[in-house]
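The values are calculated or read from the model by the stated rules, or taken from the named source; none is laboratory data. Since we're looking at a predicted model, the values are computed, not measured. Note that each Cβ is placed from the backbone with ideal geometry, even for glycine, and that neighbours are counted across all protein chains shown.
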Amino acid sequence: MNWNSKKVLVTGGASFIGSHLTEQLIEIGAKVRIADNFSSGEMSHVKSLDCEILEGDLLNPEFCNQATDDIDTVFHLAADHGGRGYIDAHPVECSTNMILDGQVFRYAHRNGAEKIIFASSGCVYPTSAQMDVSRETFLYEDMVKPPYEADDLYGWAKLMAELTLKAYYQQHELKTASCRYFTVYGPRCTENHAVMAMIARGYLKLEPFEVWGDGEQIRNWTYVDDIVSGTIAAAENINDGTSVNLGTMERIKVKDCANQVIKTLNPGTTIKLLTHKPTGPLNRVASNRLAKELLGWKPKTSFQVGLQKTIQWYINSKTTEQASDDLTRKLVGR
Ligand SMILES: NC(=O)c1ccc[n+]([C@@H]2O[C@H](COP(=O)([O-])OP(=O)(O)OC[C@H]3O[C@@H](n4cnc5c(N)ncnc54)[C@H](O)[C@@H]3O)[C@@H](O)[C@H]2O)c1
């Protein structure tokens with residue numbers, strides 16, 4: 001697909017993932033506009049990029065209308081979102097995503113957008129299918145079906161947005177796609193996500209090294225560059241509202257991630273398990289079979305390589321004062 005001069009809107013474009021997506025879209029020739037209220041996005045992520053930056057709240061209809069005006073493709077990433085510590089404690093804030101998503105889709109459609117790509121999440125999957133760590137289970141797209149059982153209000157909002165986009169395709173032939181991101185990490189990710197919290201603790205040489213849960217939780221941490229390439233491939237290949245997993249099939253235990261971080265940053269530290277802290281589902285790993293079939297996509301960065309790149313980025317971009325500043329709040333905030 002030729003992205004040259006395509007007019008593209010990235011909502012939440014100043015975020016961790018949004019800023020990487022924006023960079024790549026500019027690289028392949030798209031004319032990018034970002035709309036962000038900078039509630040968790042950072043101007044420093046995007047200020048040097050060759051794109052239009054609109055600052056405002058997409059919950060405000062006038063701003064949403066302005067942001068979606070004269071756009072071909074919308075990548076909708078804006079969301080009230082954080083790590084597990086945030087979404088567990090802020091269901092009301094997460095519920096506003098239903099309003100935000102509905103409004104962005106409505107104005108994009110009214111203003112004649114050709115296509116909408118949505119940043120969905122592994123949180124749309126039934127939580128009961130993700131609790132047994134003794135089983136080698138993978139989440140397949142068709143497991144999301146009635147009776148639905150999404151993860152918290154954050155997951156329900158993502159699910160509602162996916163269903164809404166399917167309806168836009170069926171009723172109005174508006175081309176749509178949803179990408180279910182799985183535990184994304186990489187440069188610019190914040191400490192409210194588990195990998196970054198562990199890197200911060202290792203960098204600050206905190207003793208003991210605290211880990212939330214019993215450390216047996218399994219995740220398929222997926223490197224941000226792979227998420228970006230998959231999102232663009234979904235924009236190029238899906239029109240009918242299909243939802244597709246973007247995640248690796250590597251199964252990593254939280255305690256193994258902790259041990260790798262400790263080995264790199266502070267060998268010899270002892271781990272203290274905080275079993276009263278929220279962990280989310282215990283066994284969350286995507287199947288990426290459908291992404292291979294539909295998009296020809298597979299992740300390129302192994303966890304081993306991605307983790308070392310992320311650690312290097314963290315060390316190079318933050319002083320220890322910056323890393324320790326307000327760390328306790330950052331672990332559960334956004
Ligand atoms: N990080 C992950 O592991 C992960 C996993 C699954 C899905 N996602 C989704 O990917 C997207 C990007 O997430 P992220 O982790 O990069 O960072 P993030 O959650 O910080 O990104 C959200 C962005 O939206 C902006 N925003 C929030 N409310 C807004 C509003 N009302 N108006 C305008 N802008 C607003 C924020 O300032 C921020 O830039 C989100 O939709 C998130 O739900 C992320």
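Observations on the structure shown:
- Checked against the criterion of being out of contact with any Pro (no Cβ under 8 Å at 6 or more places or on another chain), more than 16 Å from the ligand (Cβ to nearest atom), of a type in the set (A, V, I, L, M) and in the same structural domain as ARG110 (by TED's automatic domain parsing), the candidates ALA177, ALA157, ALA167 yield just one match: ALA167.
- Filtered by the rule that a residue be of a type outside the set (Phe, Trp, Tyr) and surrounded by fewer than 22 Cβ atoms within 10 Å (Cβ to Cβ), region 163-182 gives LEU163, THR164, LYS166, ALA167, GLN170, GLN171, HIS172, GLU173, LEU174, LYS175.
- Of all residues assigned to region 131-143, at least one qualifies as being of a type in the set (Val, Ile, Thr) and under 25 Å from THR279 (Cβ atoms).
- Whenever a residue of region 77-106 is closer than 16 Å to THR11 by Cβ, its partners that are within 12 Å of the ligand (Cβ to nearest atom) and of a type in the set (Lys, Arg), lying with C-beta atoms within less than 9 angstrom and at least six residues away or across chains, give the pairs ALA79/LYS158; ASP80/ARG334; HIS81/ARG334; ASN97/LYS158; ASP101/LYS158.
- Considered as a group, the residues in region 276-304 that are without any contact (Cβ under 8 Å) to a residue 40 or more places away in the chain and either over 21 Å from the mean Cα position of the chain (by Cα) or more than 28 Å from VAL133 (Cβ to Cβ) (or both) include one that is surrounded by the most Cβ atoms within 10 Å (Cβ to Cβ), and that residue is GLU293.
- Single unsatisfied condition, ARG219 versus (1) closer than 17 Å to ILE116 by Cβ; (2) within 11 Å of the ligand (Cβ to nearest atom); (3) charged (D, E, K, R): (1)
Residues are listed down the side, and each one gets a yes or a no for (1) without any contact (Cβ under 8 Å) to a residue 12 or more places away in the chain; (2) within 18 Å of VAL244 (Cβ to Cβ):
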| site | (1), (2) |
| --- | --- |
| HIS109 | no, no |
| SER120 | no, yes |
| CYS123 | no, yes |
| PHE138 | no, yes |
| LYS145 | yes, yes |
| GLY155 | no, yes |
| THR176 | no, yes |
| PHE182 | no, yes |
| GLY186 | no, no |
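- Candidates in region 305-321 are the residues that are of a type outside the set (Val, Ile, Thr) and loosely packed, with under 11 Cβ neighbours inside 10 Å; of these, the one that is nearest to ILE17 (Cα to Cα) is ASN316.
- Which numbered condition GLY202 fails, given (1) surrounded by 21 or more Cβ atoms within 10 Å (Cβ to Cβ); (2) within 14 Å of the chain's Cα centre (by Cα): (2)
- Scanning region 44-95 for residues that are surrounded by fewer than 17 Cβ atoms within 10 Å (Cβ to Cβ), within 20 Å of MET196 (Cβ to Cβ) and of a type outside the set (Ser, Thr, Tyr) gives a single hit, ALA89.
- LEU163 passes every criterion in (1) of a type outside the set (S, T, N, Q); (2) within 22 Å of THR279 (Cβ to Cβ); (3) over 16 Å from the mean Cα position of the chain (by Cα) apart from (2).
- Subset tally (residues that are over 23 Å from GLN24 (Cβ atoms) and either within 12 Å of the ligand (Cβ to nearest atom) or not assigned by TED's automatic domain parsing to the domain that holds ASP57 (or both)) for region 102-118: 1
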